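The values are calculated or read from the model by the stated rules, or taken from the named source; none is laboratory data. Predicted model only: the values in this text are computed from it and were never measured. FYI the Cβ positions are ideal-geometry reconstructions off the backbone, even for glycines, and counts take in every protein chain you see. Note: accessible area is taken over every heavy atom of the protein model, side chains too, but ligands, DNA and RNA are not part of it. Shrake-Rupley method; radii C 1.70, N 1.55, O 1.52, S 1.80 Å.
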Amino acid sequence: MNHDFTFTIKKIAFDENYHPLDNTRITTNFANLARGNNRQENLRNTLRMIDNRFNALATWDNPKGDRYSVELEIISVDMNIDADVKGDGQAFPMIEILKTNIVDHKTNQRIEGIVGNNFSSYVRDYDFSVLLLEHNKGKAGFSIPDNFGQLHGNLFQCFLNSDIYKEHFHKPPVICLSVSDNKTYHRTENQHPVLGVEYQPNESSLTEQYFKKMGLQVRYFMPPNSVSPLAFFFYGDLLSDYTNLELISTISTMESFQKIYRPEIYNANSAAGQCYQPNLKNQDHSLTQIVYDREERSRLAIEQGKFAEAQFIKPYQAILEQWSASYVL
């Protein structure tokens, strides 16, 4: 099949006035913060955390710790299934990611940051919350379906290779996630001035394997004055392809989110040691002043996976399978 899907991009500022778009995944981290009675205070405090962390890492020529601030854009990507394929020109909300921009108040410059950071995907919800659960239902041992994540990976790489991605973004994405609480991470001797100390896991995780289908490799670093490593998924060379300010924009944004979402790990009162296993039951941690409903987020992931199944996977299954099987970068 010679057909290739096309994409459209929508951008909306993530600031204290942010309201989620109608098709925003309701479990998306930033959408969760922007609901309820505390929405504006949540957003304001989150953005302040990000700016403070950025300035704490970008200390050079920054004596008062207030030189920089971070502006965030939510990038929503729709995949367009052309009318000649099914007859109705259906568009499906494929992914949402974050774009950082850095404001230098000393020079009055606005510096482009990194795209990626947070990663939200309906198809990933389907894979993990519907397909994987159904595949293992009633089985004694855990296993992974054949070609698990292959369609999602091909769709993501198709987007990255599209003209519209290249028009809007000048570098490949970096996605920053939490470490896994069922893996052990060992501290290495490698240290980067911004990313910090590198850790290596004892084994590959299902998330690593899934993101590998997207073409992404992973390294784990614990930035200065952090208490736990972060997982950085990237293309190319993470340490050479991005400037220090670009990397700091990702660290400050995603570490702040993780302190809110996973305080047991990222707001713990003691830092990871030489051999580290994250613990989501750790009681020795501090809470931020930001309200977040973690139980709701887990519950709704299944609902959104079923939405992807009903609106995308089942109606276009034959087309998607044929396209994915023949897709070549």
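The table below gives the values:
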quantity	calculated
Within the stretch 93-132, considering residues that are free of Cβ contacts under 8 Å to residues at least 24 places away in the same chain and open to solvent by 70 Å² or more (accessible area, probe 1.4 Å), the one farthest from Ala301 (Cα to Cα)	Asn108
Residue ID - farthest from Lys212 (Cα to Cα), chosen from residues in the stretch 135-156 that are within 26 Å of the chain's Cα centre (by Cα) and not in a helix (DSSP H, G or I)	Phe142
Condition check for Ser256: touching a residue at least 40 places away in the same chain (Cβ under 8 Å) and within 30 Å of Tyr68 (Cβ to Cβ)	yes
The one condition in (1) touching a His at 6+ places or on another chain (Cβ under 7 Å); (2) under 25 Å from Ser204 (Cα atoms) that Asn269 fails to fulfil	(2)
Entirely in the stretch 1-113, the helices (runs of 4 or more DSSP H) that have 2 or more residues that are more than 26 Å from His168 (Cβ to Cβ) and modelled with pLDDT under 90	39-57
Hey, Glu198 under 18 Å from Gln274 (Cβ atoms) and either open to solvent by less than 60 Å² (accessible area, probe 1.4 Å) or part of a helix (DSSP H, G or I) (or both) or not	yes
Residue in the stretch 181-191 that is open to solvent by 70 Å² or more (accessible area, probe 1.4 Å), among the basic types (Lys, Arg) and modelled with pLDDT under 95 present	no
Residue match in the stretch 148-168 (condition: surrounded by fewer than 21 Cβ atoms within 10 Å (Cβ to Cβ), more than 30 Å from Phe5 (Cβ to Cβ) and out of contact with any strand residue (DSSP E or B) (no Cβ under 9 Å at 6 or more places or on another chain))	no
Top-ranked residue of the stretch 255-284 - restricted to ones that are over 17 Å from Leu47 (Cα atoms) and acidic (Asp, Glu), ranked as farthest from the chain's Cα centre (by Cα)	Asp284
